[in-house]
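The values are calculated or read from the model by the stated rules, or taken from the named source; none is laboratory data. Just so we're clear, the structure is a prediction, and the values are computed from it rather than from any experiment. Because the Cβ atoms are built from the backbone with ideal geometry, glycine has one as well, and the counts that use them run over all protein chains shown. Ligands, DNA and RNA are excluded from the accessible area calculation, which covers all protein heavy atoms including side chains. Shrake-Rupley method; radii C 1.70, N 1.55, O 1.52, S 1.80 Å.
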Amino acid sequence: MQKTLSARLGTLLAGSLVKQIMIGLIAGVALAWISHDAALAVGLLGELFVSALKAVAPLLVLMLVIASIANHQQGQKTNIRPIIMLYLLSTFFAAVVAVVFSHLMPQTLTLAVGSTEIVPPSGITEVLRGLLMSMVSNPITALMQANYIGILVWAIGLGLAFRHSSDTTRAFLNDASEAVTWLVRCVIRCAPIGIFGLVASILASTGFGALWQYAHLLALLLGCMVLMALVVNPMLVFQKIRRNPYPLVFTCLRESGVTAFFTRSSAANIPVNMALAKRLNLDEDTYSVSIPLGATISMAGASITITVLTLAAVHTLGISIDVPTAILLSLVASLCACGASGVAGGSLLLIPVACNMFGIPNDLAMQVVAVGFIIGVLQDSAETALNSSTDILFTAAVCQAEAERETSRA
């Protein structure tokens, strides 16, 4: 009996998270439709899920950044530099696109503000002052209060310091990072149950109009990602290869983006991108480094997600935002996106970093994260497809441009 129960539990945990989230979402809608009181009661499941995210996210950011910097290898090939530049430009432009369209089509969310007093910053000067004060926060205090700006600063500093440590120490940091990532995966495996409780309680308390709100938000996210994939990225590629970029763009979207859409993991899609790079006859010394690196720092989709959801919270709370602050948000969102973890929904866990800029409390920021998980069935798939296809797209553009340059010289 126990073996049968364990086998069923193992099958459940190994199942498709996307399918389970869809089931949880549908079940939440059905429960809210059938029983108002029961739907409010299961809201506890959503609260537990959000609390678990709040508990693990600060430690995740700290360990991932320390381990990645400490284990960074120097001496990469020169062709990597223009590829990295394209990765970073694409990630920043994605944030700018998200800022522009969030301003043109402002979104609002249903958040439980409660009695929390929110004092929005008056402008860019106050935002910068808040950032600087957050940067010099005590590391233990930063972890306890979920001060992500302080966590990032300490993680970068410790990561640089640990680069001079022994191989054993760096291996320990890598193992610690893997351990925390495993804990995050365990929490995210509970997402279907948490989303079931969240959707049921939200619909029971606010009505089914909330579904239309989520559809609007999802449409904005997907629209920004399509614009990046079909307009902005081709423009960046054209600057390199100086010819029609769309044959290469569509090849990468078809061969890499479609697979990444269903796997929902840039890391899992690395072998697909490697195989495509080989078929395109790219320089192996370049793509063997740039593609795994792109799975970490080429995060245009994550940048859009962080920016759109942060600005949705800003608009919901009635916080005004000027142009300099919007530019600063684009920079912060780009940096956050480059630090997004490799687990499903990893970009959502960095939304509180951007929310900290506007004085939004962590409790409200994590509610925004929970909203991201509700729409994450399509959002995370599209985000991963954009991220992963961009990795191979820019690698191919730089390698082909370099090959043509060498041919013309000969």
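In this structure the range 133-259 gives 50 Å² per residue of accessible area when probed at 1.4 Å with all protein chains present. Once the Cβ-Cβ distance between Asn71 and Ala30 is put in as r, and R0 is 35 Å, what FRET efficiency do you end up with, to the nearest 0.05? So the FRET efficiency works out to roughly 0.15. Sorted largest first, the principal axis extents computed over the alpha-carbon atoms of the range 151-245 equal 57, 49, 22 Å.
The figure for Ile241 is an accessible area of roughly 10 square angstrom, using a 1.4 Å probe on the protein chains alone.
Counting charges near Ser389 (Lys, Arg +1; Asp, Glu -1) among other residues having Cβ under 12 Å from its Cβ returns a value of -2. One compactness figure for the range 176-334 is 1.28, namely its Cα radius of gyration divided by 2.2 N^0.38 Å. Per-atom-type breakdown for the range 132-244 gives carbon and sulfur 71% of the accessible area (1.4 Å probe, protein chains only). Probing with 1.4 Å while keeping every protein chain in the model, the per residue accessible area of the range 297-401 equals 18 Å².
May I ask you to give the percent of accessible area on the range 289-410 that is carbon plus sulfur, with a probe radius of 1.4 Å? Intermediate results must be reported in sequence, preceding the final value.
Numbers: 1820 of 2990 Å².
Here it works out to 61 percent.
When Lys and Arg each count +1 and Asp and Glu each count -1, what net charge do the other residues less than 12 Å away from Pro234, Cβ to Cβ, add up to? Local charge sum for Pro234: +2.
Mind ranking 367-374, 170-177 by how tightly packed they are, going by the mean number of other C-beta atoms within 10 angstrom, highest first?
In descending order of packing, they fall as 367-374, 170-177.
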